[in-house]
Amino acid sequence: MSNVISPIGSLNRRQFLSTLLASATVLTVSGFAGSGLARATNVSPPFTLPPLPWPDDALNPHISANTIGFHYGKHHQGYVNNLNKLVTGTPMADQPLEAIITATAGKADQTAIFNNAAQVWNHTFYWNSLRPKGGGKPAGALIEQIEKDFGGFDTFKAEFTKAATSQFGSGWAWLVKDGDKLAITKTGNADTPFIHGKKPLLTIDVWEHAYYLDYQNRRADYIAAIMDHLINWEFAAQNLAT
Ligand code: MN
């Protein structure tokens with residue numbers, strides 16, 4: 001997220017905005033409407049789309065630049081835009097994304113904020129869960145813990161694949177740390193494991209928009225391509241270590 005750097009350190013974002021708007025009003029009155037309004041409207045929105053960790057064609061041929069163009073450029077950007085519309089001018093505009101997700105989870109009157117905030121978070125986590133020339137097996141402490149908690153890498157891979165293929169409708173498959181143990185979980189729509197006390201290590205997006213342009217209805221082929229060629233085990237290992 002990008003927070004505006006206040007020229008007056010002690011002001012929070014809302015106070016800073018009020019100051020800007022007040023100065024715009026003063027400038028309007030004193031005849032400098034142009035510059036004053038330009039300043040006010042140049043205030044950047046609370047959240048911005050994080051850059052992809054690789055070029056948009058880097059996952060070819062397993063996930064095409066066309067899919068990334070829509071998935072990142074339209075869907076992920078859309079969640080960011082919607083979230084900004086919903087929180088700009090509210091106290092949430094000053095809060096970290098995770099705090100907004102936690103505060104709105106399960107609240108019937110804040111579903112739209114939760115859905116868009118969690119989808120912003122989930123997608124950023126998903127891009128980082130993928131990398132060119134990924135896939136295969138992890139190393140080090142991660143493979144040791146996978147072998148301990150799942151009884152072997154092949155068992156883990158089969159269970160993770162099953163979770164991702166069997167999620168009914170839109171959602172996500174996750175490798176998480178749940179207490180002292182690794183576990184596989186799936187979530188529907190925008191739901192995300194950390195609001196349930198589980199630490200995400202990896203995810204696969206199984207919404208149809210993630211694979212339909214490249215795989216049409218063959219979700220299992222998309223998941224197999226990720227497991228064999230794209231999973232970023234280094235990212236999962238970093239998440240396990242921190
Ligand atoms: Mn998606």
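The values are calculated or read from the model by the stated rules, or taken from the named source; none is laboratory data. Small disclaimer: the values here were computed from a predicted structure and weren't measured. Backbone-built Cβ (ideal geometry, glycine too); neighbour counts: all protein chains shown. The protein model used for the area step is the full one, side chains on, heavy atoms only, and it has no ligands, DNA or RNA in it. Shrake-Rupley method; radii C 1.70, N 1.55, O 1.52, S 1.80 Å.
Descriptive notes on the structure:
- Subset of segment 207-230 [open to solvent by 60 Å² or more (accessible area, probe 1.4 Å) and either within 14 Å of the ligand (Cβ to nearest atom) or touching a helix residue (DSSP H, G or I) at 6+ places or on another chain (Cβ under 7 Å) (or both)]: GLU208, TYR212, LEU213, ASP221
- Residues of segment 94-109 that are among the charged types (D, E, K, R) and either not assigned by TED's automatic domain parsing to the domain that holds PRO46 or not in a loop (DSSP other than H, G, I, E, B) (or both): ASP94, GLU98, ASP109.
- Selection of first residues in segment 125-140 that are of a type in the set (Ser, Thr, Tyr) and modelled with pLDDT of 95 or more and of second residues that are part of a loop (DSSP other than H, G, I, E, B) and open to solvent by less than 50 Å² (accessible area, probe 1.4 Å), restricted to Cβ pairs under 8 Å at least 6 apart or on distinct chains, gives the following pairs, ordered by first then second residue: SER129/ASN232.
- Within segment 165-201, the set of residues being assigned to a helix (DSSP H, G or I) and either in the same structural domain as ASN122 (by TED's automatic domain parsing) or β-branched (Val, Ile, Thr) (or both) comprises THR165, ILE195.
- Residues that are farther than 15 Å from PHE235 by Cβ and of a type in the set (Gly, Ala, Ser), drawn from segment 141-172: GLY151, GLY152, ALA158, ALA163, ALA164, SER166, GLY169, SER170, GLY171
- Segment 71-101, subset of a type in the set (Ser, Thr, Tyr) and surrounded by 17 or more Cβ atoms within 10 Å (Cβ to Cβ), residue farthest from PRO46 (Cα to Cα): TYR72
- Residue check, ALA190 among the hydrophobic types (A, V, I, L, M, F, W, C), open to solvent by less than 40 Å² (accessible area, probe 1.4 Å), farther than 18 Å from LEU130 by Cα and under 21 Å from the mean Cα position of the chain (by Cα): yes
Table: residues versus (1) open to solvent by 60 Å² or more (accessible area, probe 1.4 Å); (2) more than 16 Å from the chain's Cα centre (by Cα).
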| site | (1), (2) |
| --- | --- |
| ALA105 | no, no |
| THR124 | no, no |
| ARG131 | yes, no |
| LEU142 | no, yes |
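- Taking the conditions (1) more than 16 Å from the ligand (Cβ to nearest atom); (2) farther than 21 Å from HIS229 by Cα; (3) open to solvent by less than 40 Å² (accessible area, probe 1.4 Å); (4) of a type in the set (Gly, Ala, Ser) in turn, ALA117 satisfies each one other than (1).
- Residue selection: ALA112 fails the criterion of being within 27 Å of ALA190 (Cβ to Cβ) and surrounded by 15 or more Cβ atoms within 10 Å (Cβ to Cβ).
- Restricting attention to segment 120-164, the residues that are part of a helix (DSSP H, G or I), small (Gly, Ala, Ser) and in contact with a Leu (Cβ under 6 Å, 6 or more places away or on another chain) total 1.
- Only a single item in (1) within 16 Å of the ligand (Cβ to nearest atom); (2) closer than 19 Å to LEU230 by Cα is not met by PHE153, and it is number (1).
- Single condition ILE63 does not satisfy, out of (1) away from the ligand (no atom under 16 Å from the Cβ); (2) touching a residue at least 12 places away in the same chain (Cβ under 8 Å); (3) assigned to a loop (DSSP other than H, G, I, E, B): (1)
- Among the conditions (1) surrounded by 18 or more Cβ atoms within 10 Å (Cβ to Cβ); (2) in a helix (DSSP H, G or I); (3) within 16 Å of the ligand (Cβ to nearest atom), ILE204 misses just one, which is (2).
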